[in-house]
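> Before anything else, here's the structure in question.
The values are calculated or read from the model by the stated rules, or taken from the named source; none is laboratory data. Predicted model, so just to flag it, every value in this text is computed and none were measured. Cβ sites come from the backbone with ideal geometry, for glycine too, and all protein chains shown count toward neighbours.
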């Protein structure tokens with residue numbers, strides 16, 4: 001090992017040691033860094049700012065490859081916290097700062113897992129956007145890095161922390177529905193989702209680092225659409241599966257305490273928006289779980305017909321009248337023997353859950369502060385948050401299997417012992 005390499009190694013080790021030695025006390029200010037501050041990242045930055053006094057935190061460093069996002073984030077942080085943060089294009093420089101306690105990662109889908117692994121190896125606590133991973137090898141590597149660390153990591157499947165989800169879990173655990181055999185989830189939207197980002201017209205290649213953005217992906221010429229509308233391109237995301245179904249799977253894994261599908265089959269295509277997108281605008285997946293139930297998930301971007309989630313048990317059905325994150329649940333009790341009278345009416349009662357009267361249209365939970373609050377509180381208590389890396393690994397397996405099944409046109413199974421898709 002050369003002297004320069006040895007010095008670099010020792011410096012990195014010292015940085016990690018400083019980070020690991022820092023135990024955040026009840027009255028200590030949490031020093032945050034933020035990596036990847038685009039559209040979703042700006043929302044997360046706003047949430048952190050709203051919690052700055054109650055949670056005693058400060059955004060002291062920001063990082064984005066694109067100079068416009070970076071400068072905008074720095075200006076916003078200065079206005080929110082009263083002093084300018086340090087700004088970096090390269091996340092390695094931010095992670096090397098010994099005074100940074102924790103980082104928020106809100107980069108592109110395919111970057112989440114590698115970036116999370118880097119942050120863990122640098123000794124940082126992390127809030128990482130979902131999906132945790134779009135590649136199984138990446139998911140395993142990040143999971144293994146997490147197991148070697150003592151860091152607190154929250155994966156950004158935020159609906160798991162919302163009040164209605166916690167109460168729904170109690171209903172299911174009470175046995176009120178009886179044995180559950182089927183779950184149906186339909187979340188629709190009428191529009192060319194993820195197409196039309198205004199930044200596409202403004203970015204210049206010289207103002208970012210395209211090769212670094214690609215990570216280990218095969219090089220391709222600079223493409224502003226792929227850069228900002230990555231959810232539409234199969235190299236960087238699976239679209240509906242990694243963005244929307246990810247939330248659905250995570251909630252149902254939490255509700256059912258069953259985390260890895262036994263088998264997955266999926267279908268779909270570009271049927272509504274022929275705008276150059278590679279990922280489907282219409283998608284459906286069937287997942288079978290070891291506990292003995294079938295989960296059906298579907299989304300159409302060509303029609304906003306009613307969205308719903310329906311958990312079907314032998315005693316009752318729990319019905320959600322809305323799409324992603326909607327807290328409007330109705331419990332329908334099964335009555336009598338239906339074999340002789342298929343037209344028997346089922347009385348129903350609405351279940352009043354905390355958060356069910358929150359303002360805004362149903363299905364909008366992205367500004368709810370409960371998930372980030374849970375993470376920040378866990379930084380002090382050293383308890384595990386609501387959506388750990390292990391939960392992220394589980395939803396990633398389901399998402400990856402569904403995307404692969406759709407692309408290959410065949411049913412896939414999960415070998416739990418070998419942790420392989422077969």
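> When the residues of the range 162-187 are narrowed to those that are under 14 Å from residue 333 (Cα atoms) and more than 24 Å from the chain's Cα centre (by Cα), which ends up surrounded by the most Cβ atoms within 10 Å (Cβ to Cβ)?
180
> Right, something else. I'd like to verify a number: residues in the range 283-315 that are in a strand (DSSP E or B) and either touching a residue at least 24 places away in the same chain (Cβ under 8 Å) or more than 27 Å from residue 165 (Cβ to Cβ) (or both), how many?
Summing the residues that are in a strand (DSSP E or B) and either touching a residue at least 24 places away in the same chain (Cβ under 8 Å) or more than 27 Å from residue 165 (Cβ to Cβ) (or both) in the range 283-315 gives 21.
> Among the listed residues 302, 268, identify the single one that is at positive phi, over 19 Å from the mean Cα position of the chain (by Cα) and modelled with pLDDT of 95 or more.
On inspection, the qualifying residue turns out to be 268.
> Restricting the search to the range 256-276, which residues are surrounded by 20 or more Cβ atoms within 10 Å (Cβ to Cβ) and over 16 Å from residue 389 (Cα atoms)?
261, 264, 266, 268
> Any residue that is modelled with pLDDT of 95 or more, within 23 Å of residue 134 (Cα to Cα) and touching a strand residue (DSSP E or B) at 6+ places or on another chain (Cβ under 8 Å) - is there at least one of those in the range 205-215?
The answer is no, given that none of the residues of the range 205-215 is modelled with pLDDT of 95 or more, within 23 Å of residue 134 (Cα to Cα) and touching a strand residue (DSSP E or B) at 6+ places or on another chain (Cβ under 8 Å).
> Looking at the range 387-422, which of its residues are crowded, with 22+ Cβ neighbours inside 10 Å and in a loop (DSSP other than H, G, I, E, B)?
387
> Something else about it: Being without any contact (Cβ under 8 Å) to a residue 60 or more places away in the chain, in the same structural domain as residue 408 (by TED's automatic domain parsing) and under 16 Å from residue 406 (Cβ atoms), is that true of even one residue in the range 255-262?
no
> What's the number of the condition residue 239 fails, among (1) surrounded by 22 or more Cβ atoms within 10 Å (Cβ to Cβ); (2) in contact with a strand residue (DSSP E or B) (Cβ under 8 Å, 6 or more places away or on another chain); (3) on the phi < 0 side of the Ramachandran plot?
(3)
> If you don't mind, another one. So residue 203 clears everything in (1) surrounded by 15 or more Cβ atoms within 10 Å (Cβ to Cβ); (2) farther than 20 Å from residue 308 by Cα; (3) in the same structural domain as residue 308 (by TED's automatic domain parsing) except one condition, right? Which one?
(3)
> Follow-up question, since we're still on this one. Just checking, does the range 9-19 include any residue being in a helix (DSSP H, G or I), at pLDDT 85 or above and loosely packed, with under 14 Cβ neighbours inside 10 Å?
No, that holds for no residue.
> Considering only residues that are surrounded by fewer than 20 Cβ atoms within 10 Å (Cβ to Cβ) and either within 15 Å of residue 253 (Cα to Cα) or not assigned by TED's automatic domain parsing to the domain that holds residue 182 (or both), which ones fall in the range 277-311?
Once the filter is applied, which keeps residues that are surrounded by fewer than 20 Cβ atoms within 10 Å (Cβ to Cβ) and either within 15 Å of residue 253 (Cα to Cα) or not assigned by TED's automatic domain parsing to the domain that holds residue 182 (or both), the range 277-311 yields 286, 288, 290, 291, 292, 293, 294, 296, 310.
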